[in-house]
């Protein structure tokens, strides 16, 4: 079931907390996420287009691992919802949740342009 996402696209306090209050580590995690998001999006798109739910679950799980320490609450929540729907084979919700994840990836990438220091 699709739930409302958190308001913040990026949360500096959360990112620092997840990085054990190490600013440089939080910044590096953010930069690594931004660098790998297009690749993850391509993997999701390919699996979705093939309607391969097993592959889509694997790609979603991989992306979940990439975002869980990045301080991106909206994207993390969207991925969690998609992963849950895939695990329970909730085919009714998968398309909407997949689209939501793709939208959140775009949102993160669009808002990341100024870099970690200016978010």
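In table form, for the structure just shown:
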| read-out | value |
| --- | --- |
| Number of the condition not met by residue 102 [criteria: (1) over 20 Å from residue 18 (Cα atoms); (2) under 13 Å from the mean Cα position of the chain (by Cα); (3) not in a helix (DSSP H, G or I)] | (3) |
| Verdict on residue 50 being surrounded by fewer than 22 Cβ atoms within 10 Å (Cβ to Cβ) and out of contact with any helix residue (DSSP H, G or I) (no Cβ under 9 Å at 6 or more places or on another chain) | no |
| Every pair of residues 6+ apart whose Cβ atoms lie under 8 Å, when the first sits in the stretch 1-13 and is on the phi < 0 side of the Ramachandran plot while the second is assigned to a loop (DSSP other than H, G, I, E, B) and modelled with pLDDT under 85 | 10/119; 12/119 |
| Residue within the stretch 61-81 that is more than 13 Å from the chain's Cα centre (by Cα) and either farther than 29 Å from residue 20 by Cα or buried (at least 17 other Cβ atoms within 10 Å of the Cβ) (or both) present | no |
| In the stretch 18-45, the residues that are without any contact (Cβ under 8 Å) to a residue 12 or more places away in the chain and either surrounded by 14 or more Cβ atoms within 10 Å (Cβ to Cβ) or farther than 22 Å from residue 59 by Cβ (or both) | 20, 21, 22, 23, 24, 25, 28 |
| Tally, over the stretch 84-99, of residues that are in a helix (DSSP H, G or I) and farther than 23 Å from residue 71 by Cα | 8 |
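The values are calculated or read from the model by the stated rules, or taken from the named source; none is laboratory data. Quantities reported herein were computed from a predicted structural model and do not represent experimental measurements. All Cβ positions, even for glycine, are placed from backbone atoms using ideal geometry, and neighbour counts span all protein chains on display.
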